[in-house]
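Worksheet: one structure, shown below.
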Amino acid sequence: MTADPTASPPQFPPIDDALRARLAADVHRPRYHFLPEANWLNDPNGLIQWQGLYHLFYQYNPHGAFHGTIHWGHAVSADLVHWEHLPIGLHPTPGGPDQDGCWSGCAVDDDGVATLIYTGVRGPDQLACVARSTDDRLIAWEKYVGNPVIAAPPPDLDLVAYRDHSVWREDGVWYQVIGAGIRGVGGTALLYRSPDLLQWEYMHPVLVGDIKATDPVWTGEMWECPDLFQLDDRHVLMVAAWNDHRLHYSAYMVGEFEDLRFKPQHGGITDPGDSFYAPQTMRDDQGRRLMWGWLREDWSGDHQREAGWSGAMSLPRELFIRPDGHLGQRPVPELQMLRGIQMSDTNIVLGDEPVRWIAVDEASEIIVEIELGDATYIDLDVRCSEDDEERTRITFDRAAQTLGVDRTRASLLHAPVMPLTVGPHPLAEGETLRLQIFLDHSVIEIFGNERTAHAVRVYPARRDSLDLVAHARGGHARIVQIDMWDLDSQPQRDSLAATRVE
Ligand code: DQQ
């Protein structure tokens, strides 16, 4: 290992008081989702619980709110909810194999030594590099003097791209998959093994996608950020389906990992909203598999630079295998510690006539349980202005068994790239619809029946776009119970909680 030759701290444009004031006043900046103090964030990286604390590294550009010269930002939390910003974890080393960027990767515990495996970028090369820390707080990192640890991609494969790492140990052997795409064939995750995390032998692809297949989902030309892990009695391969032309999304496959090959049995889009991308997971000390994803912005690049910040991390989500064999997601219960003022209502009949609650805080949690009755659609409009000029509509379509979000009227300021997003939301016969909705300024994260998740970004222009409106179409439904909490971590606020208009 060698000390980073950039050891004297690199100079970055300061986050000065004027920028801080601008960010604090930005009504679209999330308040309880994790994001850096300013500038650009993308993928979660190097997730690890170390000496009891959760460490979150992330793709970060300290030079502004755009993707360039990527470093690893770093934050730590004891409870998954409150995060402390720490100094940048990895900097590109001038003249080194990561001189143009420290791209995505993971963290492992190598017999008590925290070790990062990440993609070093130098010109056209994107190659595996290693860094180690012997510092309890994981603040100081030493890069391996022999980086890159893999000199080149396998020579006999015609690859579209090759980067990003998922590493684990089994029977004393280290394995990793690296994301790639075989030209004209499809995305893939290439398997390697190693005795020491430094010398790697290429084995084979654990799975190759089919660029033409669309069932259950189209997985693109290349797989970024592969993550292969055991979950309950199954294995999951999560990939970020990438291609040059379409919107990227995260896809999951649930199956068996046998003879070092992955055999998918079920699959789908991890989060059908158009914001969630490049997720990474970790196993925590309680044995939970936790996942974060990058919630990218929908604004133009110019708008993001001007705003001085871009990107937020999703809430931490716990993963599990559902009885139907698909991947299930629910928000971690620790988030309940954010709950402040509460409003509750019960037993409300829903039909064509809207039921309205006014002044729902921009940072709120809403849990609603609905008996479907004979209704065919349930609509919940959030961030809704008094006259409904702005609103984001969440719809459960009973016949199709889908949950969708319509942002065509979400903002007078901004037209979403993909205004309608929809994903499967199967309910058992007689099961109630249970939605848990997190509003955090421009982030809406929806969890359905503690099994599906759907995140979108919205940028309402009107300051009164705060109402929640519920309807049923095609018949009547009944809200069994609705609870709302302000989530602003200031429990003694003197404002009132949301109120229903009678
Ligand atoms: N982001 C990183 C890459 C990865 C991509 C670069 C996914 O390593 O493939 O910032 O968003």
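The values are calculated or read from the model by the stated rules, or taken from the named source; none is laboratory data. In this text, all values refer to a predicted model and were calculated from it rather than measured experimentally. Backbone-built Cβ (ideal geometry, glycine too); neighbour counts: all protein chains shown. Note: accessible area is taken over every heavy atom of the protein model, side chains too, but ligands, DNA and RNA are not part of it. Shrake-Rupley method; radii C 1.70, N 1.55, O 1.52, S 1.80 Å.
Restrict the check to the range 384-399 and report whether at least one residue is open to solvent by 70 Å² or more (accessible area, probe 1.4 Å) and aliphatic (A, V, I, L, M).
yes
For the list (1) modelled with pLDDT of 95 or more; (2) surrounded by fewer than 22 Cβ atoms within 10 Å (Cβ to Cβ), I need the number of the one condition that residue 312 fails.
(2)
Quick check: anything in the range 300-309 within 16 Å of the ligand (Cβ to nearest atom), at pLDDT 95 or above and in a strand (DSSP E or B)?
No, the conditions are met nowhere in the range 300-309.
Inspect the range 244-257 for any residue being touching a residue at least 24 places away in the same chain (Cβ under 8 Å), surrounded by 20 or more Cβ atoms within 10 Å (Cβ to Cβ) and on the phi > 0 side of the Ramachandran plot and give the result as yes or no.
No, because not a single residue in the range 244-257 is touching a residue at least 24 places away in the same chain (Cβ under 8 Å), surrounded by 20 or more Cβ atoms within 10 Å (Cβ to Cβ) and on the phi > 0 side of the Ramachandran plot.
Have a look at 179, 187, 268 and point out the one that is surrounded by fewer than 21 Cβ atoms within 10 Å (Cβ to Cβ) and part of a strand (DSSP E or B).
Going through 179, 187, 268 in turn, just one is surrounded by fewer than 21 Cβ atoms within 10 Å (Cβ to Cβ) and part of a strand (DSSP E or B): 268.
Which members of the range 31-61 meet the condition of being among the aliphatic types (A, V, I, L, M) and either part of a strand (DSSP E or B) or farther than 25 Å from residue 16 by Cβ (or both)?
41, 47, 48, 53, 56, listed by residue number.
Within the set of pairs 6 or more residues apart or between chains, which connect a residue that is under 21 Å from residue 419 (Cα atoms) and of a type in the set (Asp, Glu) inside the range 263-282 to a residue that is assigned to a strand (DSSP E or B) and within 15 Å of the ligand (Cβ to nearest atom) with Cβ atoms less than 6 Å apart?
Close Cβ pairs (under 6 Å, with a partner that is assigned to a strand (DSSP E or B) and within 15 Å of the ligand (Cβ to nearest atom)) do not exist here.
Filter the range 284-297 for residues that are without any contact (Cβ under 8 Å) to a residue 60 or more places away in the chain and farther than 16 Å from residue 165 by Cα; which is nearest to the ligand (Cβ to nearest atom)?
Step by step, filter the range 284-297, then rank; the result is 288.
Suppose we keep only residues that are touching a Pro at 6+ places or on another chain (Cβ under 9 Å) and aliphatic (A, V, I, L, M) within the range 128-139. Which one would you say is most open to solvent (accessible area, probe 1.4 Å)?
Filtering first and then ranking leaves 139.
With respect to the numbered conditions (1) within 16 Å of the ligand (Cβ to nearest atom); (2) assigned to a loop (DSSP other than H, G, I, E, B), which one is the sole condition not fulfilled by residue 126?
Result: residue 126 passes all but (2).
I need a count of the residues in the range 140-169 that are of a type outside the set (Val, Ile, Thr), out of contact with any Pro (no Cβ under 7 Å at 6 or more places or on another chain) and not in a strand (DSSP E or B).
Residues meeting the conditions: 12.
What are the pairs, 6+ residues apart or on separate chains, where a residue within the range 96-124 that is of a type in the set (Lys, Arg) has its Cβ under 9 Å from a residue that is assigned to a strand (DSSP E or B) and open to solvent by less than 10 Å² (accessible area, probe 1.4 Å)?
From the range 96-124, the pairs are 122/101.
So which residues in the range 52-89 are aromatic (Phe, Trp, Tyr) and open to solvent by 50 Å² or more (accessible area, probe 1.4 Å), if there are any at all?
Result: 66, 83.
Give the number of residues within the range 400-424 that are of a type in the set (Lys, Arg) and either open to solvent by 80 Å² or more (accessible area, probe 1.4 Å) or farther than 23 Å from residue 250 by Cβ (or both).
Qualifying residue count for the region: 1.
Suppose the filter is more than 23 Å from residue 168 (Cα to Cα), surrounded by fewer than 16 Cβ atoms within 10 Å (Cβ to Cβ), touching a strand residue (DSSP E or B) at 6+ places or on another chain (Cβ under 8 Å) and modelled with pLDDT of 95 or more; does residue 92 pass it?
Criteria not met by residue 92.
What residue, of 313, 337, is closer than 22 Å to residue 82 by Cα and within 14 Å of the ligand (Cβ to nearest atom)?
On inspection, the qualifying residue turns out to be 313.
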